[in-house]
Each structure stands twice: as C-alpha cells, then as structure tokens.
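The values are calculated or read from the model by the stated rules, or taken from the named source; none is laboratory data. Owing to the predicted nature of the structure, the values given are computational and were not obtained by experimental measurement. So basically every Cβ, Gly included, is an ideal-geometry build from the backbone, and we count neighbours across all protein chains shown. Remember, those area values only see protein heavy atoms, side chains included, never the ligands or the DNA or RNA. Shrake-Rupley method; radii C 1.70, N 1.55, O 1.52, S 1.80 Å.
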Amino acid sequence: MALIHVACFLILCSISSAQFRGDSDGVCAPDDGFGKYCPTTCGVADYLQKYKPSMDKELDEMEYLLEEISNLTKGAQDKVTYMRDSATQAQKSNPPDYYIKRSSNMLDDILRFERSIIEQESKIYELERMLGTNEKQMLQLKQLSLQLEQKCQQPCQDTIKIEPTTGKDCQDIANKGARTSGLYFVKPMKATQQFLVYCDIDSTGSGWTVLQRRRDGTLDFSKNWIQYKEGFGYLSPDDTTEFWIGNEKIHLLSTQSTIPYILRIEMTDWEGAKKHADYAMFKVGPEVDMYRLTYAYYYGGDAGDAFDGFDFGDPSDKFFTSHNGMQFSTADKDNDRYEGNCAKQDRSGWWMNRCHAAHLNGRYYKDGKYTEKDAGENGFDNGIIWATWHSRWYSMKETTMKMIPINRMTTGGDQQTGVKQFGGLGDI
Ligand SMILES: [Ca+2]
C-alpha cells in the first residue's frame, strides 16, 4: 500500500537559546487539509512557548550571576595590584613604625581578598549548578523533540492510507481491479493535477466517486464561493468524516466522459431509515457558468424527486424550488432566482432557485425536527432538506452525494426499479 506523508514541518533541530529568548510568538495557522491526523507545527510551537518562560528566567539569573562574578573578579584584581604596589612602597620606606602599619594594612587586605575569593567560589559553584540544570533540561527537550517528531510521522503513516491505484474516476479505478473502499487519487481527463477522493467500491466492482458527506454535524457548511469551489472538510480512509469535495472537482469529474454519469443521493433520517434518489446524465458546468447543475431525468429511487421542486401549497412552488439548470450560489455569490439571497439567508452553498426543495448543504439540526424559531433570525427552512421524503422542517441525519457511470447501473447490482421520467433539461 502506498502511504502519504502529510507534511510535518519540524523546526526542532534548530533549537537554540535564541528561540527561547526571542520575541517572536508562535504563529498558529491551522492546516485545513489533513492536519487532524498529524500534529502540526502549531502543536510544537505551543510546547516551546510553554517552556520558554522558565528558560528565560534561568537565563536571566545566569546573566546576573555572571555579571556579579565579573565585578568580583575585577575587585580582586584591583586588590592584587594595590597589594603589590603597597609592598613595593613598603620596601622603599625606612621608618619602622610606618613599615609595621603598612604590614597590618596588608594583612587586612589579604583577609578581604580571601573573603572575596570565597564569595566568588560560592557564586561559581551556583553557576555550575545552574549550568548543570540547564544542560539537563536541554537534553530533556531534545528527547521530547525526538518523541514529537516520531509522533508526527507515525500517525500520518498509520492513518492516512492512500490506495495505490489511480484513474480518472472511482469506476476507472474499480475497473483496474480495486475492490476496497478508501482514499484514491483521481485525475479526470481535463484536470491539470490529480486529487484525492473517497471511492465507495463494492464487491461487484461498482466504483462510486463520493462528492459530499454529512454525518454528525461536525463540519460547518456555511462557506464562501472559493471554499465551495475548492472543497472543504476532511476525507478519511474509513469514511467517517464530513466534506464537500469542491465544485471544480465535481465539474471535472462529471464532464469528462462520453459515458454519462448517475448522481446518487443517499439519506438517512433520525429514525434510521435510508432512502435514495438517482439522477441520470448528471453534470456540473464550469465556473464561468457558475457551476450550473444539469441532469436529463430522475432515474429512480425511493426518496422521491425533490430536485424537480415541490408544491408546498402554492402551485408556483414547484417551479420556483426545482434545481435542474440552476447555477451554484453562496452567500458571497448570489446566482439564485430570488430577489433576496437564498444562500445567505440559509447559510449554505447550493444550486439555489427561489430557493429549494432539496438542500443537502444546509444547517445540521440534531434530532431532525426544527422550527422557524430554531432557524435563526431569518426563520427560513435552512436544514438538510429533501422535501419529497420529509417536510422542509425536518433535517436529515446523514447524506451522501456520489456518482458513477450510467452503464454500471445495468451491469452492476444497482439497477433501480424506479420509473424513468424524461423531464428534459429544463427551461429555467
Ligand atoms: Ca438573488
């Protein structure tokens, strides 16, 4: 199995006292990619920051001691010079009483000198002790650095397992023999570089490319145009995390092949029931066309055709809540058919009309049922909605959006019994 090393930029080898005394605080820029599997440099910086104050204090104390010793040394040198001069002078002096006086002065000086030597020795001893402590701490820190470095590398290897097969989508990968669901690199025909996707591959060799996943509400889907374009959230090898793969990737995947794709929407409600809806010839246009959603017809499923709109009570509702042919909207890019801003009021990104009967990137409501009051200041239905199954005041527990070439629907084990309805490409 191929393994990916998520970049862990450690600066630990260059630890020096300057780092402890420097003024630069650790700037933490959390990695929005796969950082959760690996301690980032932020984690290391946090640790170093914690250690810094005590190191600073010790270094300051050492500095102070060194200064004191240097003062004492200078004092002692002055004394020696003075004593030498006194001795020379004494030799030159004749009167004996003067000589005795000088001798007595010299004895006093010697005593003072000895005292200063003793004082210096005790300071030096203290300094040596501090140096010892510091060396020990540096050693401990180096060991911790090594441990951190190992920690940083090993979980990356253990956790992020990327399967070796690549292809233009997950079906291509399954066609090459892959039979394990997990993370794979794909490179659609027009893509300039490969990117990571979760492939849902079954034992019959059907390979679904997963585009969206809601599981537990841990990921906020209130994002801007760029984030919806590039994708957000985490991909996980065991399919446990929430994400939006990104509009640009969905565009590249869905428009590359002469074999059209089926889009499957799978949902689980809070009672544990699972339903799905399939759409044939699913495509998402390029960014210049605001990632417009198109499909040819509702292929089938037991969740109903909410993409075709829903009559909430007014005959025009269905027309104004259908999604086929809609451009993608986010709070900062309003491409909807409403005088207001659907994406802004619902805090999501979606193929908004005016606004929706299907809304899988909506706000996550635990336990499903919610009210206008729960929906915040706007009071609009902003949950994870599929109106042909549950009311728009019911938010789904789990959702998946995934795609597969349409020929797998007849050759694989996924053939649907639903009625095919040729609804055309829509005129809206
Ligand atoms: Ca609008």
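Observations, loosely collected:
- For the peptides 122-132, 287-297, 302-312, residues were scored by their other Cβ atoms within 10 Å and the scores averaged per peptide; the highest-first order is 302-312, 287-297, 122-132.
- For the range 231-242, putting each phi into the Karplus relation 6.51 cos²θ - 1.76 cosθ + 1.60 with θ = phi - 60° gives couplings of x, 8, x, 10, 8, 10, x, 9, 6, 10, 10, 9 Hz, in residue order, rounded to whole numbers and with x for Gly and Pro.
- Förster-model FRET efficiency, 35 Å R0, Glu377 and Thr268, C-beta, rounded to 0.05: 0.75
- Here r is the Cβ-Cβ distance between Asp332 and Met130 and R0 is 45 Å; the resulting FRET efficiency, rounded to 0.05, is 0.20.
- Stretch gain in nm, segment Ser70-Leu146, where the contour uses 0.36 nm per residue and the Cα spacing is subtracted: 23.6 nm
- Once the Cα-Cα distance is subtracted from the 0.36 nm per residue extended length, the Ser54 to Leu139 segment shows a gain of 29.1 nm.
- Mean accessible surface per residue for the range 170-411, computed with a 1.4 Å probe while every protein chain stays in place, in Å²: 39
- Greater than 26 Å apart at Cα, pairs in Lys318/Lys344; Lys275/Lys344; Lys161/Lys369; Lys274/Lys366: Lys275/Lys344; Lys161/Lys369
- Computed extension length for Asn407-Trp393: 1.4 nm, one decimal, from 0.36 nm per residue of separation with the Cα-Cα distance subtracted.
- Projected label points at Met189 and Asp108, each 7 Å from Cα along the beta carbon direction, are separated by 10.6 nanometres.
- For the range 240-359, the fraction of 1.4 Å probe accessible surface lying on carbon and sulfur atoms is 52 percent.
- Mean projected area of the convex hull spanned by the Cα atoms of the range 263-399, taken over all viewing directions: 7.9 nm².
- Label point distance in nm, Val288-Ile100, each placed 7 Å from Cα along Cα→Cβ: 11.5
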